[in-house]
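Heads up: the structure comes next, in structure tokens.
The values are calculated or read from the model by the stated rules, or taken from the named source; none is laboratory data. Given the structure is predicted, the values throughout are model-derived calculations rather than measurements. Heads up, the Cβs are rebuilt from the backbone with ideal geometry, glycines too, and the neighbour counts pull from every protein chain shown.
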Amino acid sequence: MSIFSEFRAFIARGNVVDLAVGVIIGAAFGKIVTSLVNDLVMPPIGLAIGGMDFSELKIPLRHADPAHKLAAVSINYGVFITTVIQFLIIAWVIFLLVKGVNSLQRKEAEAPSAPPAPTTTELRLTEIRDLLAASNKADRT
């Protein structure tokens, strides 16, 4: 079996395709959450605490020096706070999804299952019972 046919068989497995779809949807969801946090959540929070833009919150370690072509170096803790809020939103949504899936699985598990099919022995005993009942009826008549 060539390496390409093995690779094709690997990709054709359902789990790999499901994983790829999950990653693509997750990346798109990440962009939505980033926009939600940056464009809808952080501006009112910044306004409530004095018109602050969180992306501008930083501790400068070195100022830029264009003469020596040195860039500014800073600790951008405002960006970190925004990222933590994004993480918390994503974690909350994933928690709700997992909770929903678990409740569906519990409902399926609680549903009564069909009674098991009779075994061969039970079928033979039923046939014997029916034959005995039929012969008893024939003897009475």
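Figures for the structure shown
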read-out: Residue check for residue 21: in contact (Cβ under 8 Å) with a residue 24 or more places away in the chain, of a type outside the set (Gly, Ala, Ser) and in a helix (DSSP H, G or I); value: no
read-out: Members of the stretch 32-51 that are free of Cβ contacts under 8 Å to residues at least 12 places away in the same chain and either surrounded by 10 or more Cβ atoms within 10 Å (Cβ to Cβ) or touching a strand residue (DSSP E or B) at 6+ places or on another chain (Cβ under 7 Å) (or both); value: 32, 35, 43, 45, 46, 47
read-out: Positions within the stretch 104-134 being surrounded by fewer than 10 Cβ atoms within 10 Å (Cβ to Cβ), polar (S, T, N, Q) and part of a helix (DSSP H, G or I), in sequence order; value: 120, 121
read-out: Flag for residue 140 being basic (Lys, Arg) and at pLDDT below 85; value: yes
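One line per residue, one yes/no per condition, for (1) over 19 Å from the mean Cα position of the chain (by Cα); (2) hydroxyl-bearing (Ser, Thr, Tyr):
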| site | (1), (2) |
| --- | --- |
| 7 | yes, no |
| 19 | no, no |
| 67 | yes, no |
| 82 | yes, yes |
| 99 | no, no |
